[in-house]
Amino acid sequence: MGINDNTTLTEAELRRDLAAAYRLVALFGWDDLVFTHITAKVPGSDHHFLINPYGMMFEEITASSLVKIDAQGNKVEDSPWPVNPAGFLIHSTIHHAREDAGCVMHTHSLNGVAVSAQKEGLLPLSQQSLFVLSSLAYHDYEGVALEEGERARLEADLGTANYFMLRNHGLLTIGPRVSDAFLAMYLFEAACLIQVRALSGGRETTRIGPDILAGAQRMQQQVTHQQGSALVWPGLLRRLDRINPGYAD
């Protein structure tokens, strides 16, 4: 199955990819019951987005169950499911600030939250961490994201980064496509898991030098044959088709 920028997809195709991403997040164990979100900008619109039906488990989500909302988190089409407007504050801020944010993925995984609570943040301890560190920003914790005043600080802290560590809170990735945000989150989560394990081993660690970090983005392009997430997304969909089909319904 091919892969396209969100702007070239139909809404039905985008719904399929977003529902798949929710189920993959559950499959990889990054979900937090019904909390957190993955949002995607609807093709042909700068003001409409797709989000999870609030209360549905991530492994249950289907393309047709996704809820279409506006930039304020209000439903713009009928749905029997509620949405969580408060939870959309971070996402709406990023979609508004970043034209390239076709998809915004946020997790509360245990390893991600653990590293976000460590003073030094993500360390250059693994190959996975290099790709994250080449485009990583941080935002200090301000409590549950409910206050409109936090928007300006979120936008300023994010800048042009594609990986965003929310201190004491979790991880967030940005991509032009659902698949890009998912692959970024895979690397982010892997880097955090490796760091937690390395630091808990009770032995001195070796950090990767800044000279290697400087070439991380070039190396990532080479290892994916310039295809980025297109190299892995079709295989991930095939995995879902085998073990948790029905996401495209």
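Listed by first and then second residue, the pairs with beta-carbon distance under 8 Å, at least 6 apart or on different chains, first residue in the stretch 96-113 and under 15 Å from TYR186 (Cα atoms), second surrounded by fewer than 22 Cβ atoms within 10 Å (Cβ to Cβ) and of a type in the set (Phe, Trp, Tyr), are HIS108/PHE35.
Of all residues in the stretch 160-175, those that are over 21 Å from LYS119 (Cβ atoms) and either of a type in the set (Gly, Ala, Ser) or in contact with a strand residue (DSSP E or B) (Cβ under 7 Å, 6 or more places away or on another chain) (or both) total 4. When each of LEU171, LEU154, LEU133 is tested for being closer than 15 Å to ALA190 by Cβ, crowded, with 19+ Cβ neighbours inside 10 Å and either modelled with pLDDT of 95 or more or not aromatic (Phe, Trp, Tyr) (or both), the lone residue that passes is LEU171. Counting only helices (runs of 4 or more DSSP H) that sit completely within the stretch 164-244, those holding 1 or more residues that are of a type in the set (Ser, Thr, Tyr) correspond to 178-199.
Being surrounded by 12 or more Cβ atoms within 10 Å (Cβ to Cβ), in contact (Cβ under 8 Å) with a residue 60 or more places away in the chain and farther than 20 Å from PHE35 by Cα is a description that applies to ALA230.
Scanning the stretch 38-62 for residues that are buried (at least 21 other Cβ atoms within 10 Å of the Cβ) and touching a residue at least 40 places away in the same chain (Cβ under 8 Å) turns up ILE38, THR39, ALA40, LYS41, PHE49, ILE51, ILE61.
Looking across the stretch 42-57, the residues that are farther than 20 Å from GLY175 by Cα and of a type in the set (A, V, I, L, M, F, W, C) come down to MET56, MET57. Here VAL104, VAL83 are screened, and the one residue that is under 15 Å from the mean Cα position of the chain (by Cα), of a type in the set (A, V, I, L, M) and within 15 Å of PHE35 (Cα to Cα) is VAL104. In the set GLY102, GLY112, only one residue is in contact with a helix residue (DSSP H, G or I) (Cβ under 6 Å, 6 or more places away or on another chain), closer than 22 Å to GLY73 by Cα and buried (at least 22 other Cβ atoms within 10 Å of the Cβ); that residue is GLY102. Quick one: ALA216 ticks every box in (1) under 29 Å from ASP46 (Cβ atoms); (2) modelled with pLDDT under 95; (3) under 21 Å from the mean Cα position of the chain (by Cα) except a single one, so which number is it? Every listed condition holds for ALA216 apart from (1).
A single entry from LEU213, LEU172, LEU183, LEU193 fulfils the requirement of being within 20 Å of TRP233 (Cβ to Cβ), of a type outside the set (D, E, K, R), out of contact with any Cys (no Cβ under 6 Å at 6 or more places or on another chain) and in contact (Cβ under 8 Å) with a residue 60 or more places away in the chain: LEU172. Checked against (1) surrounded by fewer than 20 Cβ atoms within 10 Å (Cβ to Cβ); (2) touching a His at 6+ places or on another chain (Cβ under 9 Å); (3) under 25 Å from LEU110 (Cβ atoms), GLY87 meets all criteria but (1).
The values are calculated or read from the model by the stated rules, or taken from the named source; none is laboratory data. Just so we're clear, the structure is a prediction, and the values are computed from it rather than from any experiment. As a convention, Cβ positions derive from the backbone with ideal geometry for all residues, glycine included, and neighbour counts pool all protein chains shown.
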